[in-house]
Structures are given as structure tokens and as C-alpha cells.
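Colleague: Let me begin by handing over the structure; questions about it come next.
Every read-out reported here was derived from the displayed coordinates using simple, explicitly stated rules and does not represent laboratory data. Predicted, not measured: the structure shown is a model, and the values here were computed from it. Here the Cβ is made from the backbone with ideal geometry for all residues, glycine too, and neighbour counts use every protein chain on show.
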Amino acid sequence: MTKPNIHFMRLQNRYFQYIKTGSKRIELRLYDEKRKQIQLNDVIEFENENKEKINTKVIALLHYHNFNDLLADFDINILADQSITKNDLLSDLNRFYSPEQQKQFGVLGIRLKLMD
């Protein structure tokens, strides 16, 4: 069995905590060159602003044209946390990734499982 690749990603503390507590099970990213390297069973190590780290396993890869389409298919409880709305999440995503970037690259929902 081949050894999984390990990817490193930074996250805002609020989204880091959602993953840590288990509510956020899909990480949302632009499907750029860096994200095209991610495969099933790979490990993603997330780090927040406080240099805290958690490891997750990639259990599914969800390809979409844009974040609006992706968010339409899932409940906020799996995308982030019920303390925020889909509009809040979409606003955050659009600050990081412009509609032009989303159109150029597409977007990726990375289905995660927390590792022990």
C-alpha cells in the first residue's frame, strides 16, 4: 500500500476550530495547481494563526464550478458550523477567491475525517 501524501494548509482560527470540534467536515478551496495534487486517503495538516495543528484524512473530493453551487448541495452543519450562515461563509470565500478565479479553476470540496 502506498504511503499517503501530506499537504499543509493554513486556516483562520474559527474554521480550524470547526474542524477540530468535528462540525466542519468539508474544506473549501480553489481547485488550483496545489489542490490538484490532493488524492483520496491523503493527509492534510491544518495550522491556525496560533500555530496549533490538526491532521485530517481526505475521504472524498467534490468538484464544482463555483462555491455557490457547492454550498447549495450541503448543509451549513457540514460546511462550517450552525453558528454562521451560508451567506457568511460565501462572503468569506469570495474575499479569498474572486468569481474570476472560481471560473478559471473551479472549486474543490475536500471531505475530511479527523485523525487521532
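Colleague: Pairs of lysine in segment 6-114 with Cα under 15 Å and at least 8 positions apart or on different chains: total?
Modeller: 9
Colleague: Let me ask another. Give me Rg/Rg_expected for segment 1-94, where Rg uses Cα atoms only and Rg_expected = 2.2 N^0.38 Å with N residues.
Modeller: Scaled against compact globular proteins, the figure is 1.07.
Colleague: Now, a different point. Normalised by the number of residues in segment 6-114, what is the relative contact order in percent for Cα pairs under 8 Å and 6+ residues apart?
Modeller: 41 percent
Colleague: Using DSSP loop states and a limit of at most 14 other Cβ atoms within 10 Å to flag GluC sites (Glu not before Pro), what is the longest stretch of the chain containing no flagged site?
Modeller: 53-116
Colleague: Then there is this: Run the helix sum for the chain: -39,500 (n - 2.57) per DSSP H stretch of 4+ residues, divided by residue count, reported at 222 nm to the nearest 500 deg cm²/dmol.
Modeller: Estimated from H runs of four or more residues: -8000 deg cm²/dmol.
Colleague: Starting at the first residue of segment 17-31, write each ³J(HN,Hα) from the Karplus equation 6.51 cos²θ - 1.76 cosθ + 1.60 with θ = phi - 60°, in whole Hz, x for Gly and Pro.
Modeller: These are the phi-based 3J(HN,Hα) values: 5, 4, 5, 4, 7, x, 6, 8, 10, 10, 8, 10, 9, 5, 8 Hz.
Colleague: Treat the count of other C-beta atoms within 10 Å as a stand-in for reagent exposure and order Lys103, Lys57 from fewest to most.
Modeller: Exposure proxy ranking, most exposed first: Lys103, Lys57.
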